[in-house]
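Nothing in this text is a laboratory measurement; each read-out follows from the coordinates by a stated rule. Fair warning: this is a prediction, and the values are worked out from it, not measured in the lab. In this analysis, Cβ positions are derived from the backbone assuming ideal geometry, glycine residues included, and neighbour counts consider all displayed protein chains.
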Amino acid sequence: MINKQHFGKRTANFRRRMGLSQAQLAEKLGVSTQAVSKWETAAALPDVELLLELSKLYGVSVNELLESDGFLAHIASRSFEERDGIACFVPAETNSERVQWERDMRAEGWIARNWRAAWGQPGGWSDSGNGGSVAGERGRPNDLRIGRKIAEHGGVILDIGSGPGGGYMPFVLQADPSAQIIISDLSHTVVEEWKRFLDQELDSPFLYYAALDFCDIPFESCTVDAIADHGGIINCIGNQSTALRECYRVLKPGGILVSLNGFVTKEALASLPDHAQQALLKDYPSIFNNLYEDTVLAGFRKIDSMVTDTWTTDEGDSGIAELARDLGVTVRFTEYVRFCEK
Ligand SMILES: C[S@@+](CC[C@H](N)C(=O)[O-])C[C@H]1O[C@@H](n2cnc3c(N)ncnc32)[C@H](O)[C@@H]1O
């Protein structure tokens with residue numbers, strides 16, 4: 001659908017990104033400054049020839065300039081239903097536990113709190129007195145650094161399993177408020193809540209929203225420049241190696257996957273008494289899953305890793321922490337971020 005408002009915002013953002021004033025753009029195109037101003041305030045659309053000139057200048061398709069859902073339609077490998085600006089490639093949740101989780105997320109305003117925590121604003125989890133994540137607060141400087149790296153890579157960024165935390169998206173946006181990001185999750189509610197929040201907070205025409213399964217990414221091969229994964233793949237509903245292969249497939253050559261993963265290393269496992277090793281391997285095999293081999297098998301050749309945090313079960317109250325206490329041991333997790341290049 002042609003959308004004047006969308007066109008106005010997009011053309012203004014592209015112009016600013018190129019460091020051009022309205023007068024400079026008008027001069028380049030041989031039109032008046034008033035004409036450019038009218039486009040940007042959604043009072044008018046340019047002629048077809050000028051639209052073509054603008055699309056060449058900005059390096060995007062005419063569809064992308066005119067249609068709010070144009071970009072996702074352009075890279076999609078299958079049809080989808082567009083609902084309130086969200087491309088729905090998967091059906092809504094029916095699993096009762098997940099539906100309850102979605103209700104809690106909405107009712108308790110997790111998205112706004114996570115956003116504020118990411119931006120270091122009042123009202124985030126850390127000052128809510130409501131059990132903010134210690135590891136999350138500690139991780140912010142690294143998240144900011146990594147967000148900047150992803151923003152510097154530029155192009156179209158697919159944030160997978162964005163979740164109520166938004167993945168790396170809030171950090172990329174701190175580095176570049178006009179970054180082009182597809183915010184995605186299996187949960188429609190996660191994506192809807194982010195759209196509702198960010199439409200108010202930023203109203204950026206460079207954000208896209210998709211309910212999709214990252215184990216079966218509904219995009220053509222070689223269509224995105226970067227994939228940001230802030231703990232989605234490790235907590236994947238589906239198969240982790242399939243997810244990594246899908247990430248590799250949709251990345252353009254030279255594209256990057258930035259993936260955060262917390263696990264118990266072989267050394268940390270070996271330091272535990274035998275009875276604890278056996279009990280943990282039996283009940284929580286996934287905590288030892290480092291995904292390095294799967295990343296190589298997916299096709300990624302250049303993989304740089306950086307330790308971003310460590311924590312122990314003494315700090316938490318999860319099921320694993322409870323088991324560790326029952327076993328009389330402390331289990332150490334190491335959090336890595338991997339920069340993988342296609
Ligand atoms: C632990 S959260 C990820 C953390 C999140 N990125 C953050 O920064 O808070 C896991 C998220 O991944 C989503 N997810 C899990 N499996 C998925 C899949 N196969 N496709 C898309 N999203 C998935 C879940 O719905 C959930 O929102």
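Here the stretch 213-307 is treated as a Stokes sphere of Kirkwood radius computed over C-alpha pairs; at 10 °C and 1.306 mPa s its diffusion coefficient rounds to 109 µm²/s. Database remark: amide H of residue 87 closer than 5 angstrom to the amide H of 209, 210, 211 (H placed geometrically; neighbours at sequence offset of 5 or more, or on other chains; Pro and chain starts carry no H). Per the Cα gyration tensor, the stretch 5-126 maps to an equivalent ellipsoid with semi-axes of 38, 21, 11 Å, ordered largest to smallest. The lysines whose alpha-carbon is closer than 24 Å to the alpha-carbon of residue 266, local same-chain residues fewer than 8 away aside, are 282, 302.
Mind running the shape call on the chain? Use the C-alpha gyration tensor, a ≥ b ≥ c as the square roots of the eigenvalues: rounded below 1.5 for a/c, prolate if a/b tops b/c, oblate otherwise.
Prolate, because a/c is 1.5 or more and a/b exceeds b/c.
Between the amide H of residue 222 and those of 250, 251, distances stay under 5 Å, these residues lying 5 or more places away or on another chain, with hydrogens modeled in the peptide plane. Packing order of peptides 163-175, 46-58, highest average first: 163-175, 46-58 (average count of other Cβ atoms within 10 Å over each peptide's residues).
Note on the stretch 33-191: Cα convex hull, mean projected area over all directions, 12.3 nm². Highest-first packing order for the peptide set 150-157, 256-263 is 256-263, 150-157, based on the mean count of other beta carbon atoms within 10 Å. In the chain, with Lys and Arg counted as +1 and Asp and Glu as -1 at Cβ, which of these residues, 296, 43, 262, has the Cα nearest the positive end of the dipole, that is, farthest along it? My answer, from the dipole projection, is 43. Past 21 Å, Cα to Cα: identify those pairs from 28/252; 56/149; 195/342; 4/38, in the order given. Over 21 Å apart, Cα to Cα: 28/252; 56/149; 195/342. Every pair of different Cα atoms in the stretch 4-68 enters the Kirkwood calculation, which places the hydrodynamic radius at 11.4 Å.
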